[in-house]
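Quick notes on the structure that follows.
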Amino acid sequence: MDRKLFKAATSGDARFVREAREALQREVTVDGNSVLHIAAKLGHVEHAQALLLKQPYLMKLSNSKGDTPLHCAAAAGHVAIVELFVAHMVLSKNPVISELCGEPWMMNDAGNTALHEATRNGHLAVVEALMSAAPDLANVENNTGVSALYMAAERIGGDCQGIAELFDCLGRRTSRPDSTACSCTSELWYVPLLDITKMILDKNPNSVRQQDATKSTPLHFAAANGDIRMVQLLLQSDAKAAYIRDQDGFSTIHVAANAGHLKIIEQVLEYCPDSMGLKNNTGRNFFHVAVEKRI
């Protein structure tokens, strides 16, 4: 990317960008970021608006990771930029503009939508903006079969490396939801995730029944993590989801028993008392699994 253009883009110099010749505006960095990607990452609203008016097709350009400017804005939590982009993409009645700008459910190389990125980073305002414009985003799964609701449930059981890294906390994923990951108990991270989950459930109640490649549901993940508040929230939304079994026949109560979470077992039985009779693929109920794990 041209040195002067890069400097103007990073400093938010909208005037320079507006006046730059079109060839310069098409330039990208070594990571494939356009001037609009940079504006989105840094939250330069005036800069982004000027670019959209002049060259709306920049909305559709992907960088080396497949991220569009919307992905970048959502991941960074810049709700004003997200709202600007969504207005351009969704609210425009001009089919030409829509074709140029793409859609909010465009995926990056990992299969993540902008909603995945906002959820992963705990940006509630961005989640709200995206869900209001495109509720179906909650149902979109990435390359590993994870929807935004899965991600919210999984984040609370992430691999923490200290308070300073809470918002980069990475969830662990195995053939069955992993209960060995440490718990992100800080309210700084936890409360936004509960709010995000509530919002997704309000927009798409059926999300609680979504299954990934291993047929695990958000309840499976929450139970494995021992997260009583998330389990309560999901059960209140749809208690029958607790009967859904994964590829090994494990229902929510089996997963809780396997992980040794007695409080989760009690919670499931309160909502679904007959789930004690559910059997997995080897014919074992939750009690058998619990005994095997010696909880």
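Data for the structure
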| item | result |
| --- | --- |
| Listed pairs LYS65/LYS279; LYS41/LYS263; LYS4/LYS60; LYS198/LYS279 exceeding 32 Å between Cα atoms | LYS65/LYS279; LYS41/LYS263 |
| Two-site FRET efficiency, LYS263 against ASP202, from Cβ-Cβ distance with R₀ of 25 Å, rounded to 0.05 | 0.45 |
| Region 72-83 - phi-based ³J(HN,Hα) in whole Hz, Karplus 6.51/-1.76/1.60, Gly and Pro as x | 5, 5, 5, 5, 7, x, 8, 5, 5, 5, 4, 4 |
| ILE265, ILE253 arranged by Cβ crowding within 10 Å, fewest neighbours leading | ILE265, ILE253 |
| Computed E for TYR243/THR144 - FRET, C-beta separation, R0 35 angstrom, nearest 0.05 | 0.90 |
| In Hz, Karplus ³J(HN,Hα) per residue of region 196-204 (6.51, -1.76, 1.60; θ = phi - 60°; x = Gly, Pro) | 4, 4, 4, 5, 5, 5, 5, 7, 9 |
| Local electrostatic count, HIS78, Cβ distance below 13 Å [Lys/Arg +1, Asp/Glu -1] | -2 |
| Residues GLN236 and GLU27, FRET efficiency given R0 of 51 Å [Cβ-Cβ distance, rounded to 0.05] | 0.50 |
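All of the numbers you see were taken from the coordinates with simple rules; none came from a lab. The structure displayed is predicted, hence computed values, not measured ones. Note that we place each Cβ from the backbone using ideal geometry, even for glycine, and neighbour counts take in every protein chain shown.
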